[in-house]
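Derivation of every value follows stated rules applied to the coordinates shown; laboratory data play no part. Computed from a predicted model, the values in this text were never measured in an experiment. Neighbour counts run over all protein chains shown; Cβ positions are idealised from the backbone, glycine included.
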Amino acid sequence: MTDAKRQLALMLRRQTLKRLTANKLLGLSPGQLRAARGLLHWSQSRLATAALVTDATIRSFEVGRSMLSDITLAKVHMVLEEAGILFLKDGVARNGEAVVLRPVIPEPRL
């Protein structure tokens, strides 16, 4: 990949992350993050690697020691959604916020 293509890809990814953050769709609690990882059977380390953040960032957020920056929150949210996690907001979930694993629909056999 050429430098120009790499720069363009990076710019587009940054714009997408900013848009996601600006939409305020990314409210994520420590409990939701732990639940999402549990549904996927992912360790903190695996999530951190996939989201390109440090293990300590995930660990600190999950125990309530720190908050995630907007960009980190967007990256974590995007990685989890790409892995099949759906985030349910208050009003959709019965008791506040929830996460579910998107069902896999098998391809029809011909």
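A few comments on the model shown:
- Taken together, the residues in region 37-58 that are of a type in the set (G, A, S) and either in contact with a Phe, Trp or Tyr (Cβ under 7 Å, 6 or more places away or on another chain) or not in a helix (DSSP H, G or I) (or both) amount to 1.
- Test for R59: is it surrounded by 11 or more Cβ atoms within 10 Å (Cβ to Cβ), more than 19 Å from G27 (Cα to Cα) and of a type in the set (K, R): no
- Residue identified as outside any loop (DSSP other than H, G, I, E, B) and touching a His at 6+ places or on another chain (Cβ under 9 Å) among F87, F61: F87
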